[in-house]
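Chemist: Before anything else, here's the structure in question.
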Amino acid sequence: MKLSNLERKKFRVRNKIKKVSSKERFRLCVNRSTKNISVQIIDDTKNVTLVSASSNTKDLKSQKKNKKELSIIVAEIISKKAKDMKITKVYFDRGIYKYHGRVKLLADELRKNGMEF
């Protein structure tokens, strides 16, 4: 079975993160589409999603915001949920996306709200 270029890129980024991961840090995974962005904090040792947030909810869809503003709002939501679960240190998994544009805005806003990666 031959993997596509995007799948190879995703595995390459993810495997680098998993090699250096420890039990006290979780993985913050970013998924981006043309209109929406979603973020999950994942515990790879138990294969469980701890916290998630997305711009594809009714509350955020009713607001007429552009894509950059939505990524900032999603970052604020995920940082509040992570603080409630006492999660401050994570590994940033950008997936197949470049650290540019909406992904960079999301990461910068997470850092402002107290996340360390």
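The values are calculated or read from the model by the stated rules, or taken from the named source; none is laboratory data. Model, not experiment: these values are computed from the prediction. Glycine also receives a Cβ, built like all others from the backbone with ideal geometry; neighbour counts cover every protein chain displayed.
Chemist: How do the strands (runs of 3 or more DSSP E) wholly within region 1-55 filter down when requiring 2 or more residues that are without any contact (Cβ under 8 Å) to a residue 40 or more places away in the chain and of a type in the set (Ser, Thr, Tyr): which remain?
Modeler: Of the strands (runs of 3 or more DSSP E) lying wholly inside region 1-55, those with at least 2 residues that are without any contact (Cβ under 8 Å) to a residue 40 or more places away in the chain and of a type in the set (Ser, Thr, Tyr) span 48-54.
Chemist: Looking at Lys98, Lys2, can you tell me which residue is among the basic types (Lys, Arg) and modelled with pLDDT under 90?
Modeler: After applying the criteria, what remains is Lys2.
Chemist: Select from region 66-117 the residues that are closer than 20 Å to Thr45 by Cα and small (Gly, Ala, Ser) and list them in ascending order.
Modeler: Correct list: Ala82, Gly95.
Chemist: Going by the conditions given, is Ser71 in contact with a helix residue (DSSP H, G or I) (Cβ under 6 Å, 6 or more places away or on another chain) and of a type outside the set (A, V, I, L, M)?
Modeler: Judged against the criteria, Ser71 is a match.
Chemist: With respect to Asn31, is the statement that it is out of contact with any Pro (no Cβ under 8 Å at 6 or more places or on another chain), closer than 16 Å to Leu110 by Cα, surrounded by 14 or more Cβ atoms within 10 Å (Cβ to Cβ) and not hydrophobic (A, V, I, L, M, F, W, C) true?
Modeler: For Asn31, the condition - out of contact with any Pro (no Cβ under 8 Å at 6 or more places or on another chain), closer than 16 Å to Leu110 by Cα, surrounded by 14 or more Cβ atoms within 10 Å (Cβ to Cβ) and not hydrophobic (A, V, I, L, M, F, W, C) - is met.
Chemist: Before we move on, is Leu60 surrounded by 14 or more Cβ atoms within 10 Å (Cβ to Cβ), hydrophobic (A, V, I, L, M, F, W, C), outside any loop (DSSP other than H, G, I, E, B) and free of Cβ contacts under 8 Å to residues at least 24 places away in the same chain?
Modeler: yes
Chemist: Which of the following residues is of a type outside the set (Phe, Trp, Tyr), buried (at least 16 other Cβ atoms within 10 Å of the Cβ) and without any contact (Cβ under 8 Å) to a residue 60 or more places away in the chain: Ile78, Ile96? Full working, then the answer.
Modeler: Values: Ile96 fails: without any contact (Cβ under 8 Å) to a residue 60 or more places away in the chain.
Every option except Ile78 fails the conditions.
Chemist: Does region 79-99 hold any residues that are in a helix (DSSP H, G or I) and touching a Leu at 6+ places or on another chain (Cβ under 7 Å), and which are they?
Modeler: Of everything in region 79-99, just one residue is in a helix (DSSP H, G or I) and touching a Leu at 6+ places or on another chain (Cβ under 7 Å), namely Ser79.
Chemist: Of the residues Ala82, Ala107, which single one is at pLDDT 95 or above, touching a Phe, Trp or Tyr at 6+ places or on another chain (Cβ under 7 Å) and among the small types (Gly, Ala, Ser)?
Modeler: Answer to the selection: Ala107.
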